[in-house]
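Read-outs throughout are calculated quantities, based only on the coordinates presented, and are distinct from any laboratory measurement. Computed from a prediction, not measured in an experiment: that's the story for all the values here. Glycine gets a Cβ as well: all are built from the backbone with ideal geometry, and neighbour counts include every protein chain shown.
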Amino acid sequence: MTDDNYIGVTTGTIATACSLAALDAIIDSPDIACVNVETPKKTLDIIIDECKKLSSFKAQASAHKNPYNDPDVTVNLEITATVELLDKSDEDSKVIITGGVGVGKVTKPGLQIPVGDYAINPVPRRMIVKNLEEKIPEGKMAKVTISIPEGVEIARKTMNPKLGIVGGISVLGTTGIARSMSSDAYKNSIVTQIDVAIASHIDDLVFVPGNIGEKLALKQLNVSKEQIIQTGNFVGFMFEEARKRGIKKFTYFGHMGKLIKVAGGIFDTKHAVADGRREIMVTHAALCGAGRDSLQKLFESKTTDDMMDILNEINLSVEVSNSIASAIHERCLQRFDLDLNVILVDMEGNYLNNNMESYGK
């Protein structure tokens, strides 16, 4: 495997490697320590942890994802493949792929895999077929079962339950290679929330920054989990994707500390990318009539919660919150042609602005 600490491999690549090793064990020798896997990008050498021949027509191999410089919950995860050679008829495919323990099943429409099938994405499926089919003996077919022993537990740390993938994690990958801190991979995972909601004909969507926003929205609004879409830091990307899919109006709900950035035109809300919270707050407070001393205190504050305390003392908290909510609405209308119902809250879920549509319990 590559020595580059910034590059890893996908679960799909490991699943393919295990499948290939298990097939090799049946037709050649079980003493396999490494296999060459052809991915859409390049050929990779993948180390196999264990490979054993179970019978003359069945074998199993396992490997794990080596660590790389990325907070990936599937790093060090063991993946196994069991391959069984069966007699093939003219109608049969040469490779049949299914899931075992720890691989999730799709229960909602809108994903790349149909409802009822195992969440092994199209590219990993194609990789397994391409790497195995030429090695399968004439007149035979290979049944490949991918299992992930810790998949059920790991799935709780992913978005799978929200997407309707139950019983484990997904086998993913578009290139076979996982790059450190890949924003594209994360974007691909979160945008599926919109696709699932559309395919399920769910209306009145509520976009929130993350888990805290979702919990507060469920507490304050008369909505279900299926209506809630998490944007992460990629607000602009998610809003643009929503508009591309024909969504013109939804509620944008969350803590002032996150949503305020959008009022300043900051659509990637990661702190390291841009902040501007105090500058935006001071501007709107000044527009609402705050005095110089109050503006100085606001500018010196560390958090938006502290800023709201100062605004409460001078009876401007609601007016300033309304001004910020209006600015968020205008920014999104101008950039994405989206008509948002903006709801700003504190960490307890208390409403901060009152210029919003009636959307509560």
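Thinking of region 7-179 as a set of Cα atoms, what percent of all their pairs are more than 27 Å apart? It would help to have the intermediate numbers written out before the result.
Details: 3042 of 14878 pairs.
When all Cα pairs of region 7-179 are counted, 20 percent exceed 27 Å.
Between the alpha-carbon centres of region 80-145 and region 214-237 there is a gap of 35 Å.
Report, in listed order, any pair from K162/K297; K219/K249; K52/K187; K140/K162; K187/K248 with a Cα-Cα distance greater than 30 Å. Numbers along the way, then the final one.
Working: K162/K297 41 Å; K219/K249 22 Å; K52/K187 38 Å; K140/K162 39 Å; K187/K248 20 Å.
The pairs that break the limit, which is 30 Å between Cα atoms, are K162/K297; K52/K187; K140/K162.
Close amide H pairs (under 5 Å, H built 1.01 Å from N) link H255 with V345, residues at least 5 positions away or on another chain. Between region 25-59 and region 309-346, the alpha-carbon centres lie 57 Å apart. Which angle from 0 to 90°, rounded to the nearest 10, does the C-alpha axis of helix 183-199 make with the longest principal axis of the chain? Helix 183-199 and the main axis of the chain meet at about 80 degrees.
Distances between placed amide hydrogens fall under 5 Å for V171 paired with I120, N121, all partners being 5 or more residues away or on another chain. Computed from phi, the 3J(HN,Hα) profile of region 118-124 under the Karplus parametrisation 6.51, -1.76, 1.60 (θ = phi - 60°) reads 6, 7, 10, 5, x, 5, x Hz, with x in place of Gly and Pro.
Over region 266-361, what lengths in whole Å, largest first, do the semi-axes of the equivalent ellipsoid take, defined as the square roots of 5 times the eigenvalues of the alpha-carbon gyration tensor?
Working: eigenvalues 94, 58, 35 Å².
Equivalent-ellipsoid dimensions as semi-axes: 22, 17, 13 Å.
Note on region 189-345: Kirkwood radius taken over Cα pairs, Stokes-Einstein applied at 10 °C and 1.306 mPa s, translational D equal to 99 µm² s⁻¹.
Residues whose amide H falls under 5 Å from that of M159, counting only those 5 or more places apart or on a different chain, are absent, with hydrogens built in the peptide plane. In order along region 44-53, the Karplus-derived 3J(HN,Hα) couplings, from 6.51 cos²θ - 1.76 cosθ + 1.60 at θ = phi - 60°, round to 10, 8, 10, 6, 9, 6, 8, 9, 9, 8 Hz, and Gly and Pro are given as x. For the pair A199 and V101, a Förster radius of 35 Å applied to the C-beta separation gives a FRET efficiency near 0.80, rounded to the nearest 0.05.
The long axis of helix 317-336 is offset from the longest Cα principal axis of the chain by roughly 50 degrees. In terms of other Cβ atoms within 10 Å, M347, M356, M307 run from fewest to most in the order M347, M356, M307. Our coupling estimate for region 253-266, obtained by passing each phi through the Karplus curve with A = 6.51, B = -1.76, C = 1.60 and θ = phi - 60°, is 10, x, 5, 3, x, 8, 5, 4, 4, 5, 4, x, x, 8 Hz, Gly and Pro reported as x. Helix 11-27 against the longest principal axis of the chain: what's the angle in degrees, Cα atoms only, rounded to the nearest 10? Result, in degrees: 10.
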